[in-house]
Each structure stands twice: as structure tokens, then as C-alpha cells.
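Just below is one structure, and these are the notes that go with it.
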Amino acid sequence: MRIRLATATLAVAACVGLLAGCSGGSDSTPSPSVSATPTPVDAKALGQSLDRVVFQGADLHSADGGSCLVKAVQAAGLSDDAQRVIVEANSNSLGEVSKKVAEKHPQDAELLLSPQLRTEFDACANPTVLPTGSASAQAYPSPPAVTRPPEPSANLSPAVAVSTQFKIDSVGQLTSGVKSLFQSYALDDKQKQIYELATPCLAETIFNAGFSQETLHFIAGGPPIGSGTIADHLPDEDDKAKWNDGAFTQALSDCTTSVKVN
């Protein structure tokens, strides 16, 4: 469930009384300019931190020092502030890191936990992405089983019995399937709990989006896909585009970021 995140725009006043040089006096001496540009995140430190998170503290590490992981988060659009939090967290727990990111950047945290970025991380940790027979390929171990690399093929078998003879005309008909579908992407028990608590909101958002009955029956069946994206496997091409619409994915993101877990 690729779930992506918005940018905020700041309006800056021309002169604020708290800033030097903005008094009402006649002193015309220009005040020194103040740059608001933050120091760029050190790529090496970020790579080491992401390496620690992806391999979860195991005695394993990236052959490239985490540079592939750095490129993945940068390409996905994770903000500099969120990247800085990852470095400062100095943790091997994805849940702990995402929680710290969510304190100031909830949408970046959702991206960090998204199936899309997880797939990119798994690809970085997979020796098959390196040149065959290279020294790096031999030294680059597969990630520990707890990171759950993508399944060779998605599991599209319904987990919930749903008859296609009946029309999906209420949110309640979707809840069990939505819970099963989204929890199949959870990395840990905490994420499973987040998806469980967010299920009513997710189901209502999906129901009100205007998907075809074929797609609604597919979602109501709750197939434990667990890899790739949900949109990839929807049976209707128009519904795939509708699922990938920015407003819709933002609404799904809001459902998960609005719930609180211990």
C-alpha cells in the first residue's frame, strides 16, 4: 500500500519584531542575513542508520555502506528533516524510528512504513541486485527472515468468504476484508494494531471512493497480498488509477496516522 506524503508551505513575514534589525528606530545599518537552510543530512551517517534499521541489529550489513538504502529514501521523497531524525534515533527498530519521525513528520513516517519503500529496502538487501559473481555479491548476505522479503507471487486468494451474487452496498461488508488486506502488509505487531484500529476509517474511505463492484468484492475478500502494491492487483484498470490518486492515498494515510497505539 503505497502510501505517499504531502508538503507544507510556510509564509514568512518581511519583518518580525523578534528578529535583529527590525526595530522601529532610525538605524539603517542592514542586519546580517540569516540562512534558514538546514545542514544537509550526511549520506554516510544516514546509510549506516538505515542499514541498522533494515537488518534490525543482526550481525549483517550492506556491502555498499547503505548507499542503496539512502538512494531509496531520497527517491521516495523522504524529507531532510525525517532523514535527520533517522540518524539521530540511532536505533535498529523500524517501529521506534518511525515513531520518532511521526512526532514531527507523520506523513514521512507513513512513507517510511509503506509497502513501496519496504520493497525498495528489500531489493537493496538482496544479493541478486548486485553483479553476478562480484565480490560484493558474495559478501552481501540476504536480510534476516524477520524482514520478510517480497513473496515470489502475490497471494490473491480471498481470506474472507464473499459472494459475488450480492452487491457491496455498505461499509460493514468491507471491514473484515480491509483489515485482512492491510494487515498483510504490516511489518510488526504494532503496525497490525494500527491497521486494525484504522480499519473503520479505511473501509469507509474505500467505500465512498466510487470503486466498481468487482473491485469492492476483491477488497471485501481481503486477499493477503503482502507484496507489491494493492493497486497493482485491482481487477479494474480505472480503479487502479483511482486508487493511485493523490487525494485518495492521502485519505488512507490520514486514517492510519490519526490512530494512537501504546
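The table below lists the values:
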read-out	value
Filter result for GLU96 (surrounded by fewer than 16 Cβ atoms within 10 Å (Cβ to Cβ) and either under 21 Å from THR257 (Cβ atoms) or in contact with a Pro (Cβ under 6 Å, 6 or more places away or on another chain) (or both))	yes
Members of region 238-262 that are modelled with pLDDT of 90 or more and charged (D, E, K, R)	ASP238, ASP239, LYS240, LYS242
Matching helices (runs of 4 or more DSSP H) fully within region 1-94 where at least 1 residues are modelled with pLDDT of 75 or more and within 14 Å of CYS124 (Cβ to Cβ)	43-54, 67-76
Selection within region 244-262 - over 14 Å from VAL178 (Cα atoms) and either of a type in the set (A, V, I, L, M, F, W, C) or assigned to a loop (DSSP other than H, G, I, E, B) (or both)	ASN244, ASP245, ALA247, PHE248, ALA251, SER258, VAL259, LYS260, VAL261, ASN262
Residue tally, condition in a loop (DSSP other than H, G, I, E, B) and in contact with a Lys or Arg (Cβ under 7 Å, 6 or more places away or on another chain), over region 188-209	1
Those residues of region 210-225 which are in a helix (DSSP H, G or I) and among the β-branched types (Val, Ile, Thr), in sequence order	THR215, ILE219
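The values are calculated or read from the model by the stated rules, or taken from the named source; none is laboratory data. If you're wondering where the values come from, they're calculated on a predicted model, not measured in any experiment. We place every Cβ from the backbone using ideal geometry, glycine too, and count neighbours over all the protein chains shown.
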